[in-house]
Amino acid sequence: MTLRRRTFVLFSLVAAVAAGGFVFTYWIFSQQAERFLRSPNRERWFAGQLPGPRRVDPLTLSSPPVPRTTADTVIVRRTYYPDCGDEVVVRQKAGKALSGKTAEELVRGEGQVAVESFNEREVVLLVTASGACPRHLAQRYLGIADGHVAIFQGLPGGGKAKVIEVFDLEAGALPEREVQDLRRGVPVRSDDELKRVLQSYLELVGF
């Protein structure tokens, strides 16, 4: 068989296969169309009464579940007190009262609170409080009140400190270093320490 004849035969076979595929596809399509036209839902389809395909947002398919607390989640509250610079850390379990909360629900209505980390095992909250920490509020300090040396319950200048006693000693008569210390608050942990500090101030002003 010559090359020309073989080429013609091969082309004929390809054409026959293509024609057969086209005829088969057309037959399948015509069968489906005829079945649809005989369907009782045909009129409802054209009238728009049958629901179309449901649209699904692809983002919702890949969104992870929102983490929530459990009764065993440990909640860590790191409270910072700007007046004294201290940080108080308190750890407690969520329990039933705080179980099932998201990060947003947990800090809602809390004021100046930020979520540092959040998972089912542990939640860390950063809290900014006003004033000084409880330890500094309960401690006595020497400071300045009305231009005089005074003893305070709590850190002077913190807004919640209470003046216990004002001494007849003008703060302006002291050296600048002591005045700066008094403005920051000089802690006194006992009556004996208070007497020693006051005596040192009196000696500085010549008493």
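The values are calculated or read from the model by the stated rules, or taken from the named source; none is laboratory data. Values in this document were obtained by computation on a predicted structure and should not be read as measured data. Using ideal geometry, Cβ is built from the backbone for each residue, glycine included, and neighbour counts are taken over all protein chains shown.
Scanning the stretch 122-181 for residues that are among the acidic types (Asp, Glu) and more than 18 Å from Leu202 (Cβ to Cβ), we see that the one that is nearest to the chain's Cα centre (by Cα) is Glu122. Of the residues making up the stretch 96-109, at least one is modelled with pLDDT under 85, assigned to a loop (DSSP other than H, G, I, E, B) and either loosely packed, with under 11 Cβ neighbours inside 10 Å or basic (Lys, Arg) (or both). As a summary of the residue check, Ser130 satisfies the conditions (1) within 15 Å of Asp86 (Cα to Cα); (2) crowded, with 20+ Cβ neighbours inside 10 Å except for the one numbered (2). Any residue at all in the stretch 120-130 that's outside the structural domain of Ile151 (by TED's automatic domain parsing), hydrophobic (A, V, I, L, M, F, W, C), modelled with pLDDT under 90 and touching a helix residue (DSSP H, G or I) at 6+ places or on another chain (Cβ under 8 Å)? No, the stretch 120-130 contains no residue that is outside the structural domain of Ile151 (by TED's automatic domain parsing), hydrophobic (A, V, I, L, M, F, W, C), modelled with pLDDT under 90 and touching a helix residue (DSSP H, G or I) at 6+ places or on another chain (Cβ under 8 Å).
Table: residues versus (1) in contact with a helix residue (DSSP H, G or I) (Cβ under 8 Å, 6 or more places away or on another chain); (2) modelled with pLDDT under 85.
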{"site": "Arg55", "(1), (2)": "no, yes"}
{"site": "Leu61", "(1), (2)": "no, yes"}
{"site": "Pro64", "(1), (2)": "no, yes"}
{"site": "Thr69", "(1), (2)": "yes, no"}
{"site": "Val89", "(1), (2)": "no, no"}
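Across the stretch 154-166, a minimum of one residue is classified as in a strand (DSSP E or B) and surrounded by 14 or more Cβ atoms within 10 Å (Cβ to Cβ). Close Cβ contacts (under 9 Å, 6 or more residues apart or on different chains) running from residues in the stretch 156-175 that are charged (D, E, K, R) to residues that are in a loop (DSSP other than H, G, I, E, B) comprise Lys160/Asp83; Lys160/Ser130; Lys160/Gly131; Lys160/Ala132; Lys160/Gly154; Lys162/Gly154; Glu170/Gly147; Glu170/Val205.
For the residues Arg177, Arg135, Arg196, the requirement of being basic (Lys, Arg), part of a helix (DSSP H, G or I) and closer than 17 Å to Val89 by Cα singles out Arg135.
For the condition closer than 30 Å to Gly206 by Cα and not in a strand (DSSP E or B), Pro187 does not qualify. Answer with yes or no whether Gly159 is at pLDDT below 90 and either touching a Phe, Trp or Tyr at 6+ places or on another chain (Cβ under 8 Å) or on the phi < 0 side of the Ramachandran plot (or both). So Gly159 fails the test.
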